[in-house]
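See below for the structure under consideration.
The values are calculated or read from the model by the stated rules, or taken from the named source; none is laboratory data. Keep in mind it's a predicted model, so treat the numbers as computed, not measured. When we count neighbours, we look across all protein chains shown, and the Cβ atoms used for this are built from the backbone with ideal geometry, even at glycine. With ligands, DNA and RNA removed, areas are computed over all heavy atoms of the protein, side chains included. Shrake-Rupley method; radii C 1.70, N 1.55, O 1.52, S 1.80 Å.
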Amino acid sequence: MRCVFCGYEDSKVIDSRSADEGKTIRRRRECFSCGKRFTTYETIEDTPILVIKSNGARQAFDSQKIKNGIIKSCEKRPVSINEIDEMVAAVTKQIENSMEQEILSKSIGELVMAELKKHDEVAYVRYASVYRSFKDISSFMEELQKMMENKK
């Protein structure tokens, strides 16, 4: 690390501490040339994930939108806020672990539906009816038939 005082290109770390709730490392350094001490901070590079909407528009990924959709589908259902938070965390983790910088909104919807299906089938059908834009009762029934066949 270059010294901020003399510009010498080498220094040693004297002390390292966690900062910013574990998201940053604070390091005290000492220059080998002039002996002066200075502080540096090391942080994880946060690369934003963009969501590609069905109309081609791009916007930053926001897990709060996932949470809002899950909450709506779970209204008046026996699903706790802890379970909802777990579902949001699971979907967010899958998206972040994919290492992709862009993801289709359709893919996010599929991940959300998979999580809902594990927790509450009624909430799953509610979410799917909006997500898949069921046009009539027959498309709704088709989805229910698939669920019934998978249960057997």
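Using Cβ point charges alone (K and R +1, D and E -1), the dipole size of the chain about the Cα centre works out to roughly 240 debye. Amide H to amide H, with H built 1.01 Å from N, L104 comes under 5 Å of I52, counting only residues 5 or more places away or on other chains. Using a probe radius of 1.4 angstrom, the carbon and sulfur fraction of the accessible surface of the range 24-103 is 47%. Considering only beta bridges that DSSP places wholly inside the chain, some 85 percent are antiparallel. Taking the charge dipole of the range 22-103 about its Cα centre, with +1 at Lys and Arg Cβ atoms and -1 at Asp and Glu Cβ atoms, the residue from A89, F38, M99 reaching farthest to the positive side is F38. If you run the Gaussian network model on the chain, springs between alpha carbon atoms under 10 Å, then out of E102, E42, E115 the most flexible one is E42. Basic side chains Lys and Arg get +1 at the Cβ, acidic Asp and Glu get -1 at the Cβ, and with that the dipole of the range 71-147 about its Cα centre reaches some 260 debye.
Working with all protein chains in place, sort T43, T24 by solvent-accessible area computed with a 1.4 Å probe, largest first.
T43, T24
For E110, the accessible area of its heavy atoms, probed at 1.4 Å with every protein chain present, is near 80 square angstrom.
If a helix is a whole DSSP H run, which ones in the chain reach 20 Å or further along their own axis (Cα) and hold a mean Kyte-Doolittle hydropathy of at least -0.5?
Once both thresholds are applied, what remains is 81-97, 105-119.
Dipole of the chain computed with +1 at Lys/Arg Cβ and -1 at Asp/Glu Cβ about the Cα centre; of V13, I70, I137, farthest Cα towards the positive end is V13.
Probing with 1.4 Å while keeping every protein chain in the model, the per residue accessible area of the range 1-120 equals 69 Å². Electrostatic tally near C74: other residues with Cβ closer than 10 Å to its Cβ, Lys and Arg +1, Asp and Glu -1, net +1. Treating each Cα of the chain as one equal point scatterer and applying the Debye formula with no solvent, the log10 of I(q)/I(0) at q = 0.14, 0.16, 0.18 Å⁻¹ comes out as -0.79, -0.93, -1.07. Placing a pseudo-label 7 Å from each Cα along the Cα-to-Cβ vector at A114 and K93 gives an inter-label distance of 1.3 nm. Accessible surface comparison of Y124, Y131, probe 1.4 Å, protein chains only, largest first: the order is Y131, Y124. Shown for the chain: cysteine residues without a partner Cβ closer than 4.7 Å, namely C74.
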